[in-house]
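Okay, structure first, notes after.
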Amino acid sequence: RTLGRMLTIQRILVKHGLDDFIRATHLLRPLRFLFILFPRSRDATGPLGERIRLALEELGPIFVKFGQAISTRRDLLPPDIAMELAKLQDAVPPFPAEEAAKIISDAYGEPVDEVFQRFDSEPLAAASIAQVHSAQLKDGSEVVVKVLRPGVEDQIDRDLDVLRMLAGLARRYWEHGERLKPQEVVAEYERTIMDELDLMREAANTAQLKRNFEGSDMLYVPEIYWDYCRPEVMVQERIFGTPVSDMDALRAAGTNIQKLAENGVAIFFTQVFKHNFFHADMHPGNIFVIITDPENPKYAAVDFGIVGTLNPEDKRYLAENFLAFFDRDYHRIAQLHLDSGWVPAGTRVDQLETAVRTVCEPIFNKPLSEISFAQVLVRLFRVAQRFDVEVQPQLILLHKTLFNIEGLGRDMYPQLD
């Protein structure tokens, strides 16, 4: 089955004129023989960004999620590719409304028009795992109905087989395989994405976040209608806000963008270090802004299928790292890495301290607009390789969230410190 899926991936990449990417990718280079054994027609006439987006859509949910994640980093992508990938956040081709209605009817055991006062067949948004329809309950409440894509579990399971195979090859044959723990990372990703397929779990996550931010003037979380929630269908309060990516509309309304950006940082730190329960899918398609009071804008978040938590040791370690960084105490950062076991015992603290200082000092107290994330990443990778820093799979969701919110901050308010 895995070989068959690899052949399908190869066919789709060739179809959209992207086979050069496989030829140029180190890990996939051994698969080049597939192009000789199974040649296909190739179309490279359209814009590159569009071809990448179409290929990711055709490849399925895991690939779409990858495109969503990197779409938040316009500083790392050519503008045309970033614009196309941004469409993956909530504009993936929808599945037919008739299928959505059948899934809902099967879940409730009665026709859609008997459950809802109104059900809009045209989707509000469509993403990799599910799509959303607006509706009205019998009591007049405006809601959104989230419905899982048909067959999505089989698609994801098939691609997880491919990821597991590649991770096994990397662990066995790649010189950095043991340090970067590819199999453990894939296992962590598998747990995350399989949890996302249970909409009852997402409803529970939403309810928990709503309790955590009850009465907050920074973040609003929609109400869940539990009587209408099933593993494949979820109903929640409809949010009426401005998409956070629509900066023109936010500025035209006189929104205090600086306050909005700073509140975003405060929300992140609060979720991670106070509540230890954070929204880990914070791409712009899941975030709106309520601007009834433009001077005091308020975030409204949706789609809590992916949330993260930290164990007490990791939370403490990360908090101490943050504090040491704010104090420019690079010796403390180096010692923390050694104490946590992230670097091998016997590593010289003074050498690691110098390396950390080299990475951190150039970006200290600078706004996002003056920091090259790409250059920082390269420096971090060099330090990690030199000192055999091991990947921590349990922190993958936190890394992903930081990656997304920093990209969001760059778009929103580049002067953000």
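The values are calculated or read from the model by the stated rules, or taken from the named source; none is laboratory data. None of the values given here were measured: they were computed from a predicted structure. So basically every Cβ, Gly included, is an ideal-geometry build from the backbone, and we count neighbours across all protein chains shown. Surface accessibility is based on the protein's heavy atoms, side chains included, excluding ligands, DNA and RNA. Shrake-Rupley method; radii C 1.70, N 1.55, O 1.52, S 1.80 Å.
For PHE288, the stated conditions hold: it is open to solvent by 20 Å² or more (accessible area, probe 1.4 Å), among the aromatic types (Phe, Trp, Tyr) and touching a residue at least 12 places away in the same chain (Cβ under 8 Å). Of the residues making up the stretch 79-114, those that are under 17 Å from VAL143 (Cβ atoms) and in contact with a Lys or Arg (Cβ under 8 Å, 6 or more places away or on another chain) are ALA107, TYR108.
Looking for something out of contact with any Lys or Arg (no Cβ under 6 Å at 6 or more places or on another chain), assigned to a helix (DSSP H, G or I), open to solvent by 40 Å² or more (accessible area, probe 1.4 Å) and hydroxyl-bearing (Ser, Thr, Tyr) - is there at least one such residue anywhere in the stretch 221-242? Among the residues of the stretch 221-242, at least one is out of contact with any Lys or Arg (no Cβ under 6 Å at 6 or more places or on another chain), assigned to a helix (DSSP H, G or I), open to solvent by 40 Å² or more (accessible area, probe 1.4 Å) and hydroxyl-bearing (Ser, Thr, Tyr), which makes the answer yes. Figure legend. Inter-residue proximity from the stretch 185-199: first residues closer than 19 Å to VAL233 by Cα, second residues charged (D, E, K, R), beta-carbon distance below 6 Å, spacing 6+ or different chains. Indicated pairs: ASP195/ARG201; LEU197/GLU153. For the criterion of being touching a residue at least 24 places away in the same chain (Cβ under 8 Å), closer than 24 Å to TYR189 by Cα and either of a type in the set (Ser, Thr, Tyr) or part of a helix (DSSP H, G or I) (or both), LEU54 passes.
Quick one: how many residues across the stretch 381-417 are in a loop (DSSP other than H, G, I, E, B), without any contact (Cβ under 8 Å) to a residue 60 or more places away in the chain and not acidic (Asp, Glu)? So the answer is 2. Residues in the stretch 58-84 that are farther than 18 Å from ALA374 by Cα, over 13 Å from the mean Cα position of the chain (by Cα) and buried (at least 19 other Cβ atoms within 10 Å of the Cβ): LEU59, GLY60, GLU84. Counting the residues of the stretch 106-143 that are assigned to a strand (DSSP E or B), of a type in the set (S, T, N, Q) and touching a residue at least 60 places away in the same chain (Cβ under 8 Å) gives 1.
Of all residues in the stretch 330-342, those being out of contact with any Asp or Glu (no Cβ under 7 Å at 6 or more places or on another chain) and either in a helix (DSSP H, G or I) or crowded, with 17+ Cβ neighbours inside 10 Å (or both) number 7.
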